[in-house]
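To keep things clear, I will list the structure first and then write my remarks on it.
Read the figures in this text as sums done on the coordinates, not as results from a lab. The shown structure was predicted, so the numbers you read here are calculated from the model rather than taken from an experiment. Neighbour counts are summed over all protein chains in view; Cβ atoms, including those assigned to glycine, are modelled from backbone coordinates with ideal geometry.
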Amino acid sequence: MKIRNYLVMSMCLIGLSACASKESPSSIPYDAPDGTVVNTFVLPPIPDEDEVDATLLGVDVNDNGIRDEIERKIIIDLADDKNAHALTAVTLQDAKSFQSVMIDSGRNFEPLQSVECKYYWIEQRQNMTKDIMTAYHEYKSVDNLQLKDLSLNTQERMRKWFEWWKNMDGTQNSSSDDPISPDVCTYDVKSFIEKDYNKQKTVNN
């Protein structure tokens, strides 16, 4: 079953849904100190609550193109997921794509590339599990992050997003049935998939 034929723009608008929580859903507490390494990812400092929404771009102390409070939530919330390495990488890229629109709401293709990376992961998991529905079900753990709501949580940020949407004018990703290249991912998701898979085999043995 091929999964390349899709309307990316509709996914970008729909975003992710779920409930937010004050308590960490993983073994890593939300107040874990900066510099804590979780599945090879390093937590940035906890940003000042008065600063996170004070400007369009928010707080990004480590200057990696992701708002620090969102980066921390992604890394912590997915810490114990069986696909933690790969899903964290895929979701961080997604968060970065939202932030990129705050900087460039013109013909910016980063959000479309981010969706390609999501589908690369799903395609690889489908190949491993031999079941597309299993792959989609495993990706559902990302829904709990409420990423779109977190990223577009002010009127100014939402305005930028719709400005980008208008400027893209319905642009879609490729409809090719060829396998998706791992190069669409900004992180080494291919290696992370293998790392997660090997960890699952160890647990199951």
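Scanning the stretch 126-182 for residues that are in contact with a helix residue (DSSP H, G or I) (Cβ under 7 Å, 6 or more places away or on another chain), within 17 Å of L112 (Cα to Cα) and basic (K, R) gives a single hit, K160.
Sub-7 Å Cβ pairs linking a first residue in the stretch 87-99 that is farther than 21 Å from H137 by Cα to a second residue that is of a type in the set (A, V, I, L, M) and buried (at least 24 other Cβ atoms within 10 Å of the Cβ), at least 6 apart or interchain, are K96/I66; Q99/I66, ordered by first then second residue. When the criteria are applied in full, I180 meets the requirement of being farther than 14 Å from F109 by Cα and either assigned to a loop (DSSP other than H, G, I, E, B) or in contact with a Pro (Cβ under 6 Å, 6 or more places away or on another chain) (or both). State whether one or more residues within the stretch 88-102 are of a type in the set (S, T, Y), surrounded by fewer than 21 Cβ atoms within 10 Å (Cβ to Cβ) and more than 12 Å from the chain's Cα centre (by Cα). Yes, the stretch 88-102 has at least one match.
Would you please name the residue that is farthest from W161 (Cα to Cα), looking only at residues in the stretch 76-130 that are among the hydroxyl-bearing types (S, T, Y) and in a helix (DSSP H, G or I)? Applying the filter and picking the extreme gives T129.
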